[in-house]
Amino acid sequence: MLRLFLILSFFSCTEKKPIQTPEQNKAAQELHAEAKDNFKPLEKYVSKNLKMVELGKKLYLDPRFSKSGTISCNSCHKLDNFGVDNEPTSPGHDGTRGDRNSPTTFNASYNFVQFWDGRAENLEAQALGPLLNPIEHGMKLEKDVLDKLKTPEYKALFKEAFNSDAAVTFKNIGVAIAEFEKTLVTTDRFDQYLKGDLQALNEQEQRGLKRFIEVGCTSCHYGASIGGQEYQMLGAVEPYQTEDLGRYKVTNKEEDKFMFKIPNLRNIAKTGPYFHDGSIKTLEEAIKLMGKHQLGEVLKDQDVQDIKAFLNSLTGKLQ
C-alpha cells in the first residue's frame, strides 16, 4: 500500500508545471504585452441573416456553377481542410491548372483585399470572379450562371435571404457567398494566449513568438489574422526569382512589380504548399526563405523550429 502511495505521489509531482522564477515570470509577461501590441484575437462573426448564410453555403458547395458541372468553391477551398486543397495550383473545370496557389477562405474576411494581386476589393467580388474565369469555373456569361438558379428551391432561398422576389441576380450570388464566408472564422490556442492564458503556449512556442517579433516578421504579419493587411514586394531585401509580376498585372504600374498581398498566417501549418505559386513544400523552407528575402536574416535551425512551433499554435477550429 505504501509502495502504491509513493508511486502515485511520484507521478503527481511529475505532472506539475515547473515553478517560474520572478525573472522568468517577468519575461513571460513582457512577451505577452508585446504580443498584444502586435496581434489581436479573432472574433466570431455573428450574422444577422442566417437565411443568407444558408444560401451562401449552398452556393459555395454547388458544382453546377461550372462549365463541366464538377467544380464548386469547395473544390479548391475545402471546408473540411482549412479552406484549401493543399495543391500547388488548383485544377479548373476541365483539369487545366491556374498559375497561382488557392488561398484559404478561412478568416479571409480579415484580408484588406482578396486574391494574391488584390484584384477583388472584397469577398463579394472575390466570390464572383472564379465563376466567369475561363480556367476556373469556365462559365461564359452571367446569364449562364443565372440559368442554373432557375429552380423552385433557389428562388425560394433567394427570396427568404433578400426578402425580395427579384433577388436572383449575379451580384447577390456574391453577396450570399460572402455572408457565408464571413462565418469561416477560426479560434486557436494563440487566441487564448492573447486573452490572458499564458500557459496556452508552451515554452518552445513562446520562444518562437519572441523570435517572430524580434527578427521583424511583424512588420508584415500583424493584426488579428497575422497578415493580410497590405501589399509587400516579394524579395524586398534580396531578389526572389519568379516570373509572376504580381499586382503589376492588375495596375500596370512599375512600382507594383512583384507586389503581392501578404497572406494571413492563421492555420498556416495546414494550408501549404506555400507562396503565390505553391512552389514551397514545407513550412520550414518558407520560414527560411522569408527570413532571407524579406528580412535579410539567415535564421538558425533552432530559430526556424521555434518559429514553426509558434506558427503551429495558430491552427484552430471554426468558431
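The values are calculated or read from the model by the stated rules, or taken from the named source; none is laboratory data. What you see is a predicted model; the values in this text were computed from it and never measured. So basically every Cβ, Gly included, is an ideal-geometry build from the backbone, and we count neighbours across all protein chains shown.
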> Scanning region 274-319 for residues that are of a type in the set (Lys, Arg) and more than 15 Å from the chain's Cα centre (by Cα), which turns out farthest from Val84 (Cα to Cα)?
Replying inline: Lys300
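Condition first: within 25 Å of Arg97 (Cα to Cα), touching a residue at least 24 places away in the same chain (Cβ under 8 Å), in contact with an Asp or Glu (Cβ under 7 Å, 6 or more places away or on another chain) and not in a loop (DSSP other than H, G, I, E, B). Can you find one or more residues in region 192-215 that meet it?
Of the residues in region 192-215, the ones within 25 Å of Arg97 (Cα to Cα) are none.
Looking for residues that are within 25 Å of Arg97 (Cα to Cα), touching a residue at least 24 places away in the same chain (Cβ under 8 Å), in contact with an Asp or Glu (Cβ under 7 Å, 6 or more places away or on another chain) and not in a loop (DSSP other than H, G, I, E, B), one finds none in region 192-215, hence no.
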>> Of the conditions (1) in a loop (DSSP other than H, G, I, E, B); (2) farther than 26 Å from Ser279 by Cβ, Ala127 satisfies every one except a single condition; which number is it?
In response: (1)
> So which of Arg189, Arg97 ends up being buried (at least 16 other Cβ atoms within 10 Å of the Cβ) and either over 13 Å from Leu59 (Cα atoms) or free of Cβ contacts under 8 Å to residues at least 40 places away in the same chain (or both)?
Replying inline: Arg189
> Yes or no: Ala200 surrounded by 18 or more Cβ atoms within 10 Å (Cβ to Cβ) and among the hydrophobic types (A, V, I, L, M, F, W, C)?
Replying inline: no
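Return yes or no: is Glu54 of a type outside the set (A, V, I, L, M) and assigned to a helix (DSSP H, G or I)? First the steps, then the outcome.
Working: of a type outside the set (A, V, I, L, M): yes; assigned to a helix (DSSP H, G or I): yes.
Yes.
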> Are any residues in region 22-50 over 16 Å from Arg211 (Cα atoms), among the hydrophobic types (A, V, I, L, M, F, W, C) and part of a helix (DSSP H, G or I), and if so, which ones?
Replying inline: Leu50
> Residue check, Asp117 against (1) at negative phi; (2) surrounded by fewer than 17 Cβ atoms within 10 Å (Cβ to Cβ); (3) part of a loop (DSSP other than H, G, I, E, B), all met but one. Which one?
Replying inline: (2)
> Of these, Ala167, Ala176, Ala161, which one is part of a loop (DSSP other than H, G, I, E, B), modelled with pLDDT of 95 or more and under 24 Å from Ser109 (Cα atoms)?
Replying inline: Ala167
> Does Gly272 satisfy the criteria of being within 24 Å of Ala127 (Cα to Cα), free of Cβ contacts under 8 Å to residues at least 40 places away in the same chain and surrounded by 17 or more Cβ atoms within 10 Å (Cβ to Cβ)?
Replying inline: no
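Take the conditions touching a residue at least 60 places away in the same chain (Cβ under 8 Å) and in contact with a helix residue (DSSP H, G or I) (Cβ under 7 Å, 6 or more places away or on another chain) and apply them to Phe106. Does it pass?
On the way: touching a residue at least 60 places away in the same chain (Cβ under 8 Å): yes; in contact with a helix residue (DSSP H, G or I) (Cβ under 7 Å, 6 or more places away or on another chain): no.
It is false that Phe106 is touching a residue at least 60 places away in the same chain (Cβ under 8 Å) and in contact with a helix residue (DSSP H, G or I) (Cβ under 7 Å, 6 or more places away or on another chain).
Check Thr105, Thr96 and return the single one that is of a type in the set (Ser, Thr, Tyr), modelled with pLDDT of 95 or more and out of contact with any Cys (no Cβ under 8 Å at 6 or more places or on another chain). Before the answer, list the steps.
Working: Thr105 fails: out of contact with any Cys (no Cβ under 8 Å at 6 or more places or on another chain).
Matching residue, one of Thr105, Thr96: Thr96.
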>> Filter region 220-249 down to the residues that are exposed (fewer than 15 other Cβ atoms within 10 Å of the Cβ) and in a helix (DSSP H, G or I) and list them by number.
In response: Lys249
> Of all residues in region 71-94, which are closer than 12 Å to Glu136 by Cβ, of a type outside the set (A, V, I, L, M) and either not in a helix (DSSP H, G or I) or not assigned by TED's automatic domain parsing to the domain that holds Lys143 (or both)?
Replying inline: Ser72, His77, Thr89, Ser90, Pro91, Gly92, His93, Asp94
